[in-house]
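Below is one structure, written out as structure tokens; the observations come after it.
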Amino acid sequence: MDVLSPTRDDQLESSVDAWAISRDVTGRDRRAIETLTSVGGPAWSVRDLSVEDEVDSRAAAFVAGCYDHADVLIGHRPWTIRLAAGRAGPERVRLDLRHGVLERTVEATDGSTLVEHRFVSAADPMIGVQRIRRLGPSGHEGEQVRDCDSTPPAARDLEWSRVETAVRIDDEWCSTAIVSCDAHVEARADGDHDHVRIAAVASGGPDVEAEARRRVLMARRRGIPELERAHRRVWRRRWAGADTEFDGDRELERSVRFATYRLLELECPDVPVDESNTPAELALGARGLTGTAYRGHVFWDTDVFALPALSSLAPATARRLLDYRWNRLGTAVARARAEGRPGARFPWESATTGLEVTPTEMIGLDGRPIEILTGKLELHITADIAWAIWNHVNWSGDERYLATRGLRLLVEAARYWTARVELDGDGSVHVRDVIGPDEYHVHVDDNTFTNVMIRHNLEIAARVAARFEAVDASERARWLDLADALVDGFDRATGRYEQFTGYFALDDVLATGIAPPPMSADALVGTDVIRRIQVIKQPDVLMAYHLVPHLMDGASLDANIDHYHPRTAHGSSLSPAIAAACLFRARRTEDAMRWLRLAADLDLCDVTGTTPGGLHLATIGGVWQAVTYGVLGIRARESDLLLDPVVPDELGRVSHRFGYRRRVVTVEVDGDHATIESSGPVTITVAGEARTGRSLRIERVGGVWQWA
Amino acid sequence: MGMSRVLAAVDDSPIADAVRRTAHTVATAVGAEVEEVSVVPDASVDGRDVDLVCGALATDGVIAGVLGARRLRGRHGPLGHVALAAVTRANVPLIVLPPDAAPLRTPPVRLLAPLDGTPATERAIWAVVRDLVGALGDLVVLHVFDERSVPMFVTSDEDRRILAEEWSHEHGVVSSEPVVLRLGRPAETVLEVVRELGPDGLVLGWHRRFDDGRAEVVRRALSEAGVPIVLVPVNGEPDTSGDDAHGERRRVTTETEGSR
């Protein structure tokens with residue numbers, strides 16, 4: 001399958017291996033495929049399709065939260081393979097999604113073949129295993145195999161490969177990491193032999209190299225077969241709790257499964273959290289640990305796009321993502337103080353310290369500098385984090401987190417907003433001079449998304465604070481008053497939200513008037529023009545419908561899709577999945593499916609040309625949301641799950657398995673009938689009516705779902 | 001046979017000295033000899049000067065030629081008749097000096113190489129880099145997207161960095177400097193970047209045809225760039241596929257009306 005072709009081939013459906021991503025690797029697409037076939041976990045990840053001495057490679061291992069002095073995620077090349085002769089033709093790779101193992105076959109010009117299997121242990125995320133089997137002619141010089149003695153060498157004779165130690169930045173935020181690799185040989189009865197390496201990561205302590213070696217030795221004592229068994233056990237458990245099937249479209253099923261795989265591989269071991277200690281956080285950048293793009297920096301991509309899926313699939317992991325923000329609350333408070341405001345304000349772009357690291361300028365494709373204002377003005381990130389906390393609690397049921405760190409974060413965010421908003425003489429409350437998700441338009445007032453998310457933040461903070469009696473009643477009342485008085489741009493006469501004050505006065509240009517979306521409209525027409533027209537970068541008002549539909553006018557979704565969707569350039573990788581989700585909610589399934597496919601194939605087909613720089617984490621999380629929230633209409637609320645399937649006929653029977661409050665829930669939709677099976681009692685609300693049980697059924701009558 | 005030769009076509013115009021010096025610079029860098037061909041003004045009556053230069057460029061051992069764009073200084077204008085004939089007929093790279101251009105200075109120099117992303121042009125350019133230009137200095141590669149080929153997401157310098165790195169990788173660029181990616185009309189953008197970066201010269205691949213409005217970049221560079229221009233002949237018909245990878249991606253992506 002051509003990595004660059006996102007076309008659908010119905011003739012191949014019957015032969016689609018929906019549990020693997022397979023590619024023949026040529027020079028041109030090597031680096032994109034290297035991204036697709038990275039193996040890793042929450043602690044570190046490896047991408048490497050090079051052979052030794054190849055310099056034109058993006059091969060590297062990335063360690064989570066490990067930055068250099070310039071806040072760049074450090075990458076080093078831990079594993080290479082050596083070919084005595086050159087490559088003979090394309091190599092073949094197969095990422096086994098079911099077991100989390102990469103198989104790679106490299107044929108050499110001397111007739112030998114190297115078959116490599118590689119995985120980062122799901123059972124012990126600090127350990128990685130590489131097994132190389134050589135097939136064909138024997139006795140080649142220059143191979144990494146030193147001898148064929150089947151006796152594993154003594155520990156003192158091990159050949160250690162030490163990869164760079166990261167620079168210690170300062171005592172508070174230091175992150176040092178080192179990977180040590182052990183090699184030994186296992187002779188085989190047929191004369192061939194396996195070369196096995198174990199790599200280990202250690203970071204943060206004073207003697208990380210010794211710690212990494214200790215981990216390698218422990219892994220060696222366990223033995224490769226046991227490491228592999230433990231790894232597979234974890235993946236079996238993971239897939240028992242999460243998966244999506246589309247009987248009518250195995251290719252889309254595979255693409256969605258790939259996204260789910262990438263989320264599941266981030267699962268951290270579920271260790272008890274001691275509130276008195278700083279837990280191990282998880283810093284997840286815009287490209288995860290799969291590439292250098294965005295240098296490992298954290299954006300709302302994590303909180304709003306990836307975290308919601310993990311709150312369902314791996315709640316303990318989602319908790320660690322939230323703790324990344326918790327650990328930087330002090331910096332956020334300091335920033336608010338510097339503005340003369342209470343509470344906390346989080347950065348748009350974050351790395352080691354939690355300080356704002358958004359660049360202030362970029363060079364456009366016209367060679368001219370463009371001022372970047374998102375770090376100054378894209379404030380909604382603070383409200384997005386609050387949303388992520390509430391969403392996490394609704395999905396995971398983690399009341400303990402809500403009562404402690406979640407409460408504090410919600411309260412500090414709310415306090416910031418009380419000082420950031422402006423109260424006009426007529427009692428209306430405004431938020432001026434911001435940037436919304438649509439980054440084409442800057443210095444705007446009363447951006448709908450920002451204001452609605454702030455409203456959500458204030459209301460949830462008041463509710464949670466009341467539950468735990470944490471804040472004075474007068475302050476909570478103040479939050480609710482502000483929330484109620486915030487303008488959101490809604491016009492009841494038209495049913496439309498004005499994205500920001502004055503938006504409808506801009507020149508009314510459709511996106512297709514510039515070029516077929518998706519596109520970088522600002523690059524095509526220039527910054528000055530884009531700010532004068534109604535073309536927007538990505539869903540903004542519709543993003544509010546997606547995240548907080550209960551705070552938007554439900555009867556007006558169509559009116560706002562009719563207006564904003566044709567004016568959306570989709571000039572961001574975050575856009576397609578959200579567009580799909582909104583279109584599904586509006587029952588526009590044909591259009592929704594096109595955008596879902598684009599999102600699902602964005603990295604698999606390197607649609608953007610930037611997949612070599614890493615997987616688009618927000619798109620991956622967005623795909624899960626498009627299926628969960630969009631196709632199936634599943635939402636977690638405080639005490640129930642909403643369900644409202646909108647399954648296109650072309651998908652056939654759809655089965656979606658996910659986690660909810662320590663239960664595994666499977667929703668299966670087949671035409672006009674659907675079932676809900678849960679490992680424990682669950683309350684589901686359909687068309688306003690709630691039922692509780694482990695095994696439930698609904699049916700669609702006259703286009704409306706109801707309890708059977 | 002004998003050593004390789006760099007041909008210097010000199011006349012009695014003010015650019016002649018710069019032509020000689022450029023030829024010597026290039027020859028020294030690649031270990032070749034300089035051969036001068038005198039372009040006699042009176043020969044323009046019956047075309048003997050054209051035949052002389054073109055014939056000399058076609059002889060065995062000549063690896064490159066250096067000549068002035070035209071006799072007249074101080075204004076933009078078309079190529080002189082000798083230069084026009086030479087550039088459209090020669091099968092070797094030609095270094096053309098506009099009237100006011102300084103000679104190519106002693107290496108290492110910095111040369112701007114606009115690439116259109118087509119395989120034929122790249123093959124020709126990289127061959128010349130290997131055999132000639134590489135000895136002179138380093139290349140700064142420039143690629144100009146058009147509306148069809150521009151990447152769909154270029155939201156930050158990070159995106160541009162990755163795109164530039166991948167474009168380099170995909171097109172075999174070997175340079176110490178990152179590829180410059182721009183969007184716009186090729187000829188105008190090339191001239192803008194020349195003004196911005198101030199390279200010592202330009203390297204342009206072309207199909208040696210000015211008819212039917214072709215070769216606008218070459219025509220305008222020769223007229224306006226003000227620096228020595230290495231014209232690299234590209235064989236075959238011009239490839240209009242442009243930046244195939246990005247163009248293909250955009251063509252196969254969704255089109256949506258967005259409303260019922």
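The values are calculated or read from the model by the stated rules, or taken from the named source; none is laboratory data. Owing to the predicted nature of the structure, the values given are computational and were not obtained by experimental measurement. Every residue, glycine among them, receives a Cβ derived from its backbone with ideal geometry; neighbour counts consider all protein chains shown. Accessible surface areas use protein heavy atoms only, side chains included; no ligands, DNA or RNA. Shrake-Rupley method; radii C 1.70, N 1.55, O 1.52, S 1.80 Å.
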By residue number, the members of the stretch B:180-189 that are of a type outside the set (Lys, Arg), within 19 Å of A:Ser520 (Cβ to Cβ) and either open to solvent by 70 Å² or more (accessible area, probe 1.4 Å) or within 11 Å of chain A (Cβ to nearest Cβ) (or both) are B:Val180, B:Leu181, B:Leu183, B:Gly184, B:Thr189
Restricting attention to the stretch A:500-521, the residues that are within 14 Å of another protein chain (Cβ to nearest Cβ), over 30 Å from A:Ala388 (Cβ atoms) and among the aliphatic types (A, V, I, L, M) number exactly 4
Original post:
Does the stretch A:357-366 contain any residue that is within 23 Å of B:Arg161 (Cβ to Cβ), crowded, with 23+ Cβ neighbours inside 10 Å and modelled with pLDDT under 95?
Top reply: yes
**OP:** Tell me, please, whether a residue that is of a type in the set (D, E, K, R), outside any loop (DSSP other than H, G, I, E, B), without any contact (Cβ under 8 Å) to a residue 24 or more places away in the chain and facing another protein chain (nearest Cβ under 9 Å) can be found in the stretch B:190-209.
**Re:** yes
Exercise. Restricting attention to the stretch B:169-179, does a residue exist that is within 19 Å of A:Leu524 (Cα to Cα) and either within 7 Å of another protein chain (Cβ to nearest Cβ) or open to solvent by 10 Å² or more (accessible area, probe 1.4 Å) (or both)?
Worked result: no
Of those in the stretch A:338-356 that are under 22 Å from B:Val154 (Cα atoms) and part of a loop (DSSP other than H, G, I, E, B), the residue nearest to the other protein chains (Cβ to nearest Cβ) is A:Glu349
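This table checks each residue for (1) on the phi > 0 side of the Ramachandran plot; (2) assigned to a helix (DSSP H, G or I); (3) more than 14 Å from chain B (Cβ to nearest Cβ).
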{"position": "A:Gly367", "(1), (2), (3)": "yes, no, no"}
{"position": "A:Asp384", "(1), (2), (3)": "no, yes, yes"}
{"position": "A:Ile389", "(1), (2), (3)": "no, yes, yes"}
{"position": "A:Val393", "(1), (2), (3)": "no, yes, yes"}
{"position": "A:Thr404", "(1), (2), (3)": "no, yes, yes"}
{"position": "A:Leu409", "(1), (2), (3)": "no, yes, yes"}
{"position": "A:Asp426", "(1), (2), (3)": "no, no, yes"}
If you check A:Pro359 against the conditions, is it closer than 21 Å to A:Gly436 by Cα, in a loop (DSSP other than H, G, I, E, B) and over 21 Å from the mean Cα position of the chain (by Cα)?
yes
Reported set for the stretch A:427-439 where residues are under 26 Å from the mean Cα position of the chain (by Cα) and open to solvent by 10 Å² or more (accessible area, probe 1.4 Å) is A:Glu439
Taking the stretch A:518-531 and keeping residues open to solvent by less than 10 Å² (accessible area, probe 1.4 Å) and within 27 Å of the chain's Cα centre (by Cα) leaves A:Pro518, A:Met519, A:Ser520, A:Ala521
Check: Has the stretch A:514-523 got any residue that is of a type in the set (Ser, Thr, Tyr) and either under 19 Å from A:Asp445 (Cβ atoms) or not in a loop (DSSP other than H, G, I, E, B) (or both)?
Finding: no
Taking the stretch A:440-452 and keeping only residues that are surrounded by fewer than 24 Cβ atoms within 10 Å (Cβ to Cβ) and under 19 Å from A:Phe346 (Cβ atoms), one is left with none
Over the stretch B:111-158, the set of residues among the hydroxyl-bearing types (Ser, Thr, Tyr) and within 14 Å of another protein chain (Cβ to nearest Cβ) is B:Ser149, B:Thr155, B:Ser156
| request: Test A:Leu510 against the criterion of being open to solvent by less than 30 Å² (accessible area, probe 1.4 Å) and modelled with pLDDT of 95 or more, and give yes or no. | output: no
Filtering the stretch A:576-589 down to residues that are outside any loop (DSSP other than H, G, I, E, B) and facing another protein chain (nearest Cβ under 9 Å) yields A:Pro576, A:Ala579, A:Leu583
The lone condition A:Asn560 fails out of (1) part of a helix (DSSP H, G or I); (2) in contact with a Ser or Thr (Cβ under 9 Å, 6 or more places away or on another chain); (3) within 14 Å of chain B (Cβ to nearest Cβ) is (2)
- Query: Has the stretch A:347-355 got any residue that is open to solvent by 50 Å² or more (accessible area, probe 1.4 Å) and either over 18 Å from the mean Cα position of the chain (by Cα) or at pLDDT 95 or above (or both)?
  - Reply: yes
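Taking the options A:Glu226, A:Glu281, A:Glu245, A:Glu251, name whichever one is over 18 Å from A:Thr317 (Cβ atoms), open to solvent by 10 Å² or more (accessible area, probe 1.4 Å) and at pLDDT below 95.
Values: A:Glu281 fails: over 18 Å from A:Thr317 (Cβ atoms); A:Glu245 fails: at pLDDT below 95; A:Glu251 fails: at pLDDT below 95.
Checking each option against the conditions leaves just A:Glu226.
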Review point. Do the conditions hold for A:Leu524, that is, is it facing chain B (nearest Cβ under 10 Å) and either of a type outside the set (Val, Ile, Thr) or touching a strand residue (DSSP E or B) at 6+ places or on another chain (Cβ under 6 Å) (or both)?
Key: yes
Within the stretch A:563-575, the residues that are among the hydroxyl-bearing types (Ser, Thr, Tyr) and more than 8 Å from chain B (Cβ to nearest Cβ) are A:Tyr564, A:Ser575
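Go through the stretch A:600-616 and give me each residue that's more than 10 Å from every other protein chain (Cβ to nearest Cβ) and assigned to a helix (DSSP H, G or I).
Going residue by residue through the stretch A:600-616, those that are more than 10 Å from every other protein chain (Cβ to nearest Cβ) are A:600, A:603-604, A:615.
Of everything in the stretch A:600-616, just one residue is more than 10 Å from every other protein chain (Cβ to nearest Cβ) and assigned to a helix (DSSP H, G or I), namely A:Ala600.
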Of those in the stretch A:453-505 that are within 15 Å of A:Arg432 (Cα to Cα) and of a type in the set (Ser, Thr, Tyr), the residue surrounded by the fewest Cβ atoms within 10 Å (Cβ to Cβ) is A:Thr501
Scanning the stretch A:479-534 residue by residue, those among the charged types (D, E, K, R) and in contact with a Phe, Trp or Tyr (Cβ under 9 Å, 6 or more places away or on another chain) turn out to be A:Asp488, A:Asp491, A:Arg496, A:Glu498, A:Asp522, A:Arg531
B:Glu224 passes all but one of the listed conditions (1) under 27 Å from B:Pro151 (Cα atoms); (2) under 14 Å from the mean Cα position of the chain (by Cα); the exception is number (1)
